1. May I ask you to list the lysines whose Cα is less than 21 Å away from that of Lys77, ignoring any residue fewer than eight positions away on the same chain?
2. Would you work out the charge dipole size for region 46-237 about its Cα centre, treating the Cβ of every Lys and Arg as +1 and the Cβ of every Asp and Glu as -1, and quote it to the nearest 20 debye?
3. Which aspartates and glutamates does Lys98 reach when only Cα atoms under 18 Å apart count, and residues fewer than 8 places away in its own chain are ignored?
4. Quick check: net charge around Val136, other residues with Cβ under 15 Å of its Cβ, Lys/Arg +1 and Asp/Glu -1?
5. Rounded, prolate or oblate: which fits region 39-122, taking a ≥ b ≥ c as square roots of the Cα gyration tensor eigenvalues, rounded meaning a/c under 1.5, else prolate when a/b beats b/c?
6. Rg to Rh for region 46-237: what is it, with Cα atoms only and Rh by Kirkwood?
Amino acid sequence: MSHSLSLDVPQTALPSSTAVHVLARGLLLLSVFAARAAFAQAAPAEDTTFQFRSVEDANFPPDDTICAQAPFRVNVKLGASLWSQVSRLVDGRVIVEKAVRIGKATACVELTNFLFPPGLEQNFYAVFDLPLGRFVANGTCSLTSNNVPQAGLVLAGCALKMVSGPPGVIGGVLTSASTFNPARLAGFSTGSVWTLVTYTPNALPWWPTSTQGSTGWRFHEDCRSDDDVRRARNAVEGAP
């Protein structure tokens, strides 16, 4: 991108102090433009942001083979469909929560307190199959309330580090605003609104090249040995 520099210099001769001031201002502007151009050329990666919704879905049950890779003991497994959503330009309000199904996900949770006290952090490992490819993420979800808008509904926020992604993705992060309905309260569902930020050496293609398409929670006993869990943790965290 080219930038033009326009200095409003009178035709009449300027006093030397004014001329020096104008010259210094011009050099400062040129240095700013040069720094911006150098930074753009040296930028190590392109960042891309995706926002989508996950909805617990019996048509997409959790994948046991995924939870077998979790770096902690798993006692809750959730399967979900993933959806794009539409927001109003004027204020960001979501007006279409489930526009197009764009993929599926499996989440694996280590639940340590069945009272769901606010402030509790729980281990969370998940795999998201999106049009761009498969994203594996690990982190925690922090519970924010267990009685809004009524007792038994759990609100939380998750922060997950990207463990792996599709070819070309060198890292990223997933965060969520989540609703968990372990008691299957009428009128509510388990789901999240996710923000995914990826980093790649080059810009991602604008259009994806492929698409992918009751009772309360079931609790599972993780029968892996401590060594198996330790090996899974080392594999996810990159420890020797």
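1. Partners within reach: Lys104, Lys161.
2. The dipole of region 46-237 has a size of about 340 debye.
3. Cross-link targets: Glu56, Asp57, Asp129.
4. My count for the surroundings of Val136 gives +1.
5. Since a/c reaches 1.5 and a/b is larger than b/c, the shape of region 39-122 is classed as prolate.
6. Value, to two decimals: 0.96.
We did not get these values from a lab; they are worked out from the coordinates using the rules stated. Fair warning: this is a prediction, and the values are worked out from it, not measured in the lab. Note that each Cβ is placed from the backbone with ideal geometry, even for glycine, and that neighbours are counted across all protein chains shown.
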